[in-house]
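Nothing in this text is a laboratory measurement; each read-out follows from the coordinates by a stated rule. All figures in this text were calculated on a predicted structure; none of them were measured in a lab. Here the Cβ is made from the backbone with ideal geometry for all residues, glycine too, and neighbour counts use every protein chain on show.
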Amino acid sequence: MATAKRILPASTNPRDFVIATMGSHSALQILKGARDEGMRNLVICKEGSERPYKSFGVADEIITLKEWSDWNPELEAKLAERNAIIIPHGSYVAYLGHERVQKMPGMYYGTKEILHWESDRTMEREWLLQAQIKLPKVFEKPEDIDKPVIVKFHGAGGGFGYFVVKTPEQFYEVKDRKYPDQNDFVIQEYIVGVPLYAHYFYSPITGELEIMSFDKRYESNADSIGRIKAQDQLTANIHTSYTIVGNIPLVVRESMLPQFFEMGERVVEVSKKLCGGKGLFGPFCLETIVTRKLEVFVFEISARIVAGTNPFIEGSPYTALKYDVPMSTGRRIARDIKQAIELGRLEEILG
Ligand code: AMP
Ligand code: AMP
């Protein structure tokens, strides 16, 4: 997809730019990261959600909107006036939508082309398969279900409403009762193992792929069901759901690290071929399940900062090895932007 030509500010002084993001998800570390790299920042909040950004004192400027739908050309003009570079995150894409994000005129950190590949399940699968990533089997139709599967409705907010079944009859029993009108879903093989989220950073400025950190999620009620015995679970007729509540930091078995580096590298390489240009850069996440045979299945890719990096505002065990300052993913983004500005290579990190 052709990106419209735009005129970028000629300054090579990072202080002439502002790092901007939407107030939710990973905004705290993005704002702090900008400050730590000596850059100014700005946060756009929905009325009523400003408190953390005020209380933790991380924002230079807070712009408040009544509704996300008030994200209009007037706001875009304000952002342009300040030379704001928007950092997208999960809430930004969830509230504004892929299509609107594609069309927004402002400076945007990351590749917009990749949004397209990431938002279409078939395309995402093709990308990961080309990168020789192991994926859970996908069932085309409910009638094909012959083993445990996880059913995900498109746009399900943070894992809400997923369910696990193992026969077509069970599928229809749950779907007809709970989601009779929703027909946009994917049926994935349920992989038995532990969920593990690998956070990467690929910089077009340094040309290096870095492993930033890992997390696991704290999901309700998937993470509480084990607290009561199986018989009580059946009696109470509890269905597993995966609503994200928070994130827990992790380190992986060290011998698995080479494999994680290689997976990340292949995903970046293939993205360059697919997008015919910059490809995937900046932070991204491979969302995996690791089985008892240590096979790593990727069930999703996130082509931007994930909130699982939030426990590492002071850096992770991995960034502590590489950097002599506390390096969060938010700060790593700011550093990439700062270096690009100073080197006159801003265009290379904008989508
Ligand atoms: P929120 O702004 O918290 O309402 O979240 C908007 C979307 O971002 C959710 O639907 C989630 O998919 C995603 N999200 C927010 N927080 C997290 C988190 N801590 N971990 C993973 N995903 C998250
Ligand atoms: P997602 O919203 O796609 O990030 O998935 C939410 C949660 O569902 C994950 O953290 C996992 O616990 C679980 N999950 C998703 N896909 C699978 C799968 N194919 N097999 C097993 N568990 C899964």
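In table form, for the structure just shown:
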read-out: The chain: most fluctuating residue of 142, 326, 88 per GNM, C-alpha cutoff 10 Å; value: 142
read-out: 10 Å-binned pair-distance histogram of the stretch 138-189 (Cα, whole percent); value: 27, 63, 10
read-out: For the chain, calculated [θ]222 nm from helices alone, where every DSSP H run of n ≥ 4 adds -39500 (n - 2.57); value: -9000 deg cm²/dmol
read-out: Compactness of the stretch 279-351 - radius of gyration and Dmax, Cα, Å; value: 14.9, 48
read-out: Cα pair distances exceeding 25 angstrom across the stretch 84-237, given as percent; value: 45
read-out: Among the listed pairs 103/178; 166/272; 147/175; 46/278; 141/178; 46/103, those beyond 27 Å (Cα-Cα); value: 103/178; 166/272; 46/278
read-out: Calculated from backbone phi, Karplus (6.51, -1.76, 1.60) coupling profile of the stretch 60-68 in Hz, x at Gly/Pro; value: 7, 8, 10, 10, 10, 10, 5, 9, 4
read-out: Helix 27-36 vs. the chain, principal-axis angle (Cα, 0 to 90°, nearest 10); value: 30
read-out: All Cα pairs of the stretch 182-315, percent lying beyond 19 Å; value: 58
read-out: Crossing angle, helix 257-275 versus the chain [Cα axis fit, 0-90 degrees, rounded to tens]; value: 70
read-out: The chain: most fluctuating residue of 87, 150, 228 per GNM, C-alpha cutoff 10 Å; value: 228
read-out: Cα-Cα separations in the stretch 234-308 greater than 18 Å, expressed as whole percent; value: 55
read-out: log10 of Debye I(q)/I(0), alpha-carbon scatterers only, for the chain at 0.12 Å⁻¹; value: -0.92
read-out: For the chain, the longest site-free run once GluC sites (Glu not before Pro) in DSSP loop states with at most 11 other Cβ atoms within 10 Å are removed; value: 209-351
read-out: Nearest-ten-degree value, helix 121-130 long axis tilted from longest Cα axis of the chain; value: 80
